[in-house]
């Protein structure tokens, strides 16, 4: 991956840092390693995603999709805020989807009730709720926070899904799925274009702000924020 980027961009100043976003200790190490090498960060793109056919847990005891798709990126973002502030103006982009699956703050790990689609959808909705809450809390500090919906993308995300879901998604992708390269164009635009310099707390797709689930539900946003801060051991105050 590193050599491919260097070859295509002809830019030798490319660095690869690896972490397991489902592991809180690995996320903390990544943030620490980054801080030891760099004093600032202009753009952070959270683009992690897994889809599993059943309920799996991480060594930390969290449901795997919740941990990878939401909790790890939440922790990494929180830990890198000082670096982002140092680069002000800076941007945070959370790659997600307009999921309408409402996360249950009292059963975030799916211990009482679990379904594959429900857990995945809730993790994507949690990314949205995190985006809105963080954008509000960082207002006036030189960091914008937005969510990006890439649409249907031809990836191997569903390789761990049940057979029926894999077959259906494969068929849909065949006809309407975008290549990762095409889907990333809007992401790069949101992360770098002056057109989005003042956009904050929004969901963006194809270069436009679109309707976003739960964007007005500040009670749910704050409840999830409080619960998540407790899970990762961080203060609710930034």
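What to note about this one:
- Cα gyration tensor shape for the chain, rounded if a/c is under 1.5, else prolate or oblate: rounded
- Annotation for residue 114 and residue 29: the two label points, set 7 Å from Cα along the Cα-Cβ direction, are 2.6 nm apart.
- Segment 176-224 versus segment 65-91: alpha-carbon centroid distance in Å: 16 Å
- Summed over qualifying helices (DSSP H, 4 residues or more, each -39500 (n - 2.57)) and divided by its residue number, the chain shows a 222 nm mean residue ellipticity of -14000 deg cm²/dmol.
- Net length gained if the chain between residue 179 and residue 226 were fully extended (0.36 nm per residue, minus Cα distance): 13.2 nm
- Inter-label distance, residue 206 to residue 100: 1.9 nm, where each label sits 7 Å from its Cα along the C-beta direction.
- Between residue 57 and residue 107, the simple label model (points 7 Å from Cα in the Cβ direction) yields a spacing of 1.6 nm.
- Bridge type composition, the chain - antiparallel percent by DSSP, nearest 5: 25 percent
Each value in this text was obtained by applying a stated rule to the coordinates, not by laboratory testing. Everything numeric here is computed off the predicted structure, so don't read it as measured data. Backbone-built Cβ (ideal geometry, glycine too); neighbour counts: all protein chains shown.
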